[in-house]
Every structure is written in C-alpha cells, then in structure tokens.
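Just below is one structure, and these are the notes that go with it.
Please treat every number below as a calculation from the coordinates, not as lab data. Everything numeric in this text was worked out from a predicted model, so none of it was measured. For neighbour counting, all protein chains shown are included, and Cβ atoms are generated from backbone atoms with ideal geometry for every residue, glycine included.
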C-alpha cells in the first residue's frame, strides 16, 4: 500500500516538474543554395566612352577619337571570389587612315604622314571575350553578402571582328577592373574600366607597333538571378520557453487526491477490523513529458534529473505495469523524413537513459515515434518537440 501511494506521489510530482523555464542556446544556421549549377548567374549591360589607339590616331585630336561603347554580358560566380563572364563589347571606333581603309571623312588638316595626307576613319566592330574575374573584397575580407562595394579585377581573351569591308579580325587580350556597388540583393551598379589589345593591322594600317589598343569606360547595371549567394554560416541565438501544461498538472493533482482519500478510508477500515472487501487501485503512473530544443535529440542534465524521478516511480509501481515512450517532432520545421528520424532518436534517447543510467528493466518499456505533428499544446510548435512517457492500459 505504501509503495502504491509513494508511486502516485512521485509520478504526480514528476509530471508537475514541467515548470516554466527559458533556455538559450547558440546554433549555426545555414542558408542553403538549392543547386550550385543553377545559382549565382547574372546578366549585365553598360554604356560609356571608348578611344582607339592605332598607328596614326595620335595625329588626330583626342576629343575627335572618342566614340560610344556598349557592353552586354552574361556570367556566373563559381565561388564568392571567382567568376566567369562572356561579354560582347564594341559599337564603333574612330581614328585616322593613310591608305583609305575604313575612311569616313576628309583629310585631317595639316597632318601629312610621310608625305601622304591622313584621312578620318571609322569602323564598326565587336569584341566577344571571356573574362576570369576575382572579387578581391571576398577573397581578402571573407564572404559578406551584404557588402556594399566589390573591387573585381579581371582578365581574358576574345575575338574581334570589323563589320565594314575588308572585315578585319583579331584575337584580343582584355584586362580591367570592375567596380561593383550592391544596391540590393538582385541589382548592382557597375563602373567597368577596361584595356583591350588588338593585332597591329586591325584598323587597316600596319605600322611598327606589335599591337593596337582600346581603352573603354562603361557604367551599367547587373541583375543577379535567384537563387543567389553562397552557403553562409551565421551564429544565431534561439530562445526556447518551456511552460506548464496546467490542465495536465490539475488532472494529476486530482488523481493524487482521489488516491489519498481511498488510502485513508482503507486504513480506517483496517484499523476498525472490518472484514470488508476493498478494491485496491493500482497506480501504474501518469503521463510524463520531456521537451527538446529544435533539431536536438540528446538529453540535457536537467532532463536526466527528471528521468531519475520517473525511473524511481516506475520501479516502485507494480511489476506488471508497462510504459510506452512516444517521440514527436513539430512539422513546422524540417522535412517529413528528418522529423521521422528526429522523433525516433528522441524516444530512443529517453529509453536508453532509463535503462542504462537508472536501471529500469527494458522489458517494461515499449517505444514508438510519430514523426512531425501539429501543435500539441497552446498552439506552440516548440511544445511539440517532445517525448511522452505514458502507462500502457
């Protein structure tokens, strides 16, 4: 009788130990990119001035040699510090010609060249080039998706073609610096300063130089397609609040009061020597709950202290009494597969603790798990990350 009574008190107290408690923990939150092949693609466009440096161009006024430039590119960042892009750049260039190729105007006044008068020239061209880019800010300072400015030197090779007859062409070398200002997650404003080298006769005139050049400055915009960004680890503090289940506590207290009253009546009857038959209520136990933080299946020391009380009550209950350990996860976070595994591991952790640390016979414990479930208490998903120990009927 005393053992039954002690069991009732112990399990009732254990159930009511679910006091309100705030637990703070620091976890690592990862922002995941769904597919490396599909992420961090971008397109860009820009416009600005450019100036060509050929064999005779210095004989023409600097301002007369400036022409418009157009850049259109598509690319991808392979890592936070390394990217590739394919760019079309060009429109037309202006200079001077001695042999009449690409002539666009009359003679340049007062500028004979080795006894021959120079004429104004103009040619439409395109330069299609592949550039390897290096984001120095991410390489040196680490990846920061919210950084305002990036300095991006680059270099590459390409193919240039003049649309006007006689359709000259050239392999090109391209180096430059892309200055990128991040105005939002999707858009950047760019200033691109680039130098391009061509074959010596690309403009139709061959001289003593081994190559000719083009200096370009464009300003434009870049659009970054989603998904964008890279795997980023951030420390984030998560605060979990454990609360009383008042209804459960009141129900346990009522059970204890009822058992106390029956026990007192039984003792009085026995003291009076009444030869009456009494039905003895065997308390197998009451529901017992262990709450877990998000994505956690290991037990804390506080959990072990509560399970110690539960184990004592189980061992003092009738030998034929069995208990069911049921694991849960909340379905508001994680996939169904992850929640199935997590709820099983939580239930297994509780059973292993009761058996290995507190010597509860494993034959008295059955186990099951429910995976991810909806809100079980107070419309709070935190309270669904739980293991419930309940007596089997």
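Side notes on the structure shown:
- For segment 33-230: relative contact order, % (alpha-carbon pairs under 8 angstrom, 6 or more apart): 25 percent
- FRET efficiency for residue 107 and residue 179, using Cβ-Cβ distance with R0 set to 45 Å, rounded to 0.05: 0.65
- Likely footprinting exposure, 292, 211, fewest C-beta neighbours within 10 Å first: 211, 292
- Mean Cβ neighbour count within 10 Å, used as a protection proxy, ranking 352-359, 170-177 highest first: 170-177, 352-359
- Averaged over residues, the count of other Cβ atoms within 10 Å places the peptides 380-391, 299-310 in the sequence 380-391, 299-310, highest first.
- Spherically averaged projected area in nm², based on the convex hull that wraps the Cα atoms of segment 33-230: 11.5 nm²
- One decimal place: the segment residue 187-residue 47 gains 48.7 nm when fully extended, by the rule 0.36 nm per residue minus the C-alpha distance.
- If R0 is 22 Å, the Cβ-Cβ spacing of residue 64 and residue 159 corresponds to a FRET efficiency of close to 0.20.
- Between segment 192-225 and segment 299-361, the Cα center-to-center distance that results, in Å: 71 Å
- As a rough footprinting exposure proxy, the listed residues 104, 150 were ranked by other beta carbons within 10 Å of their own, and the order from fewest upward is 104, 150.
- In this simple spin-label approximation, residue 264 and residue 301 carry label points 7 Å from Cα along the Cα→Cβ vector, and these lie 4.0 nm apart.
- The calculated FRET efficiency for the pair residue 375 and residue 324, based on their C-beta separation and a Förster distance of 30 Å, comes to about 0.90.
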